[in-house]
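The values are calculated or read from the model by the stated rules, or taken from the named source; none is laboratory data. Note that the structure is a prediction, hence the values are computed from the model and not measured. Calculation scope for accessible area: heavy atoms of the full protein, side chains included, ligands and nucleic acids excluded. Shrake-Rupley method; radii C 1.70, N 1.55, O 1.52, S 1.80 Å.
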Amino acid sequence: MYYFSICMLAFFAVIGMCHLCRGIAQVVSRPRDEREIILIEPIQYGQQNAEFVLRRAAQKVMWYGRNAPDRVICLDCNMDNDTRRMCRLVCSEYPFMEIYTKDEMHRHIDSLA
């Protein structure tokens, strides 16, 4: 029982150190200003890992933990219907994620300039 307690204590100490290191890395790597960060993920026809790519981008935005209006844009690069449906499903789960076609993206960039 004693060795089990020592092992559990060591296990939780390692988890605590990982959490502390993550917090320090988050503070150090956080952008200093409140400009908007936009991650653009191009998704192509029949891309098998599209859901993984979008969820990874969403986790990056949530990991920043900022109050700035960060966004993820799923860029439709001639997606097929199944991929588009899956992207819409993933985008509906995150309020900061949108699907843009190439034309919509061009108009959005022109409106920013």
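Yes or no: region 100-110 includes at least one residue that is among the acidic types (Asp, Glu) and either open to solvent by less than 80 Å² (accessible area, probe 1.4 Å) or not in a helix (DSSP H, G or I) (or both).
Yes - at least one qualifying residue is present in region 100-110.
If we scan region 60-81, do we find a residue that is aliphatic (A, V, I, L, M), farther than 26 Å from Ser29 by Cα and open to solvent by 100 Å² or more (accessible area, probe 1.4 Å)?
no
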